[in-house]
1. For ALA75 and GLU100 in the same chain, what is the full-extension length gain: residue separation times 0.36 nm, less their Cα-Cα distance, in nm?
2. Kindly provide the helix-only [θ] at 222 nm of the chain, computed as the sum of -39,500 (n - 2.57) over DSSP H runs of four or more divided by all residues, to the nearest 500 deg cm²/dmol?
3. Just to be sure I understand: if I project the alpha-carbon convex hull of the chain onto a plane and average over all orientations, what area do I get in nm²?
Amino acid sequence: MKKSFVDLWREFWHGDAGTKIRIILLVLTWANQIIAVIGQTSFASERWYQITSLVVSVLITAITAWENNDITYFAKLGTQVLDALQDGKVTEDEVLEILEEGSEEKK
């Protein structure tokens, strides 16, 4: 089932605070880079501004890419579980039951 932009927007604003912060920082960082490229800065030291801006852009981009992509095995497994839930192959109750069994084994 394909979701509309409005549905995705609602999910975004009701989602994880960390995700919202990373996305907002990424948008601000790239907006700052665009402004710097077209030369609309008013800082006294252009060189230091450009270096600082580049470092912050690289860091925010790297953090956002790492947090939102399946790089590790467990992240990939989590995506498979999410896909199975969305496709109706498993139910939420089945997933919760598995999680409860796992937490009981650790006790």
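Coordinate-derived values only; no laboratory data. Small disclaimer: the values here were computed from a predicted structure and weren't measured.
1. The ALA75-GLU100 span can extend by a further 7.1 nm.
2. It lands at -25500 deg cm²/dmol.
3. Answer in nm², one decimal: 10.6.
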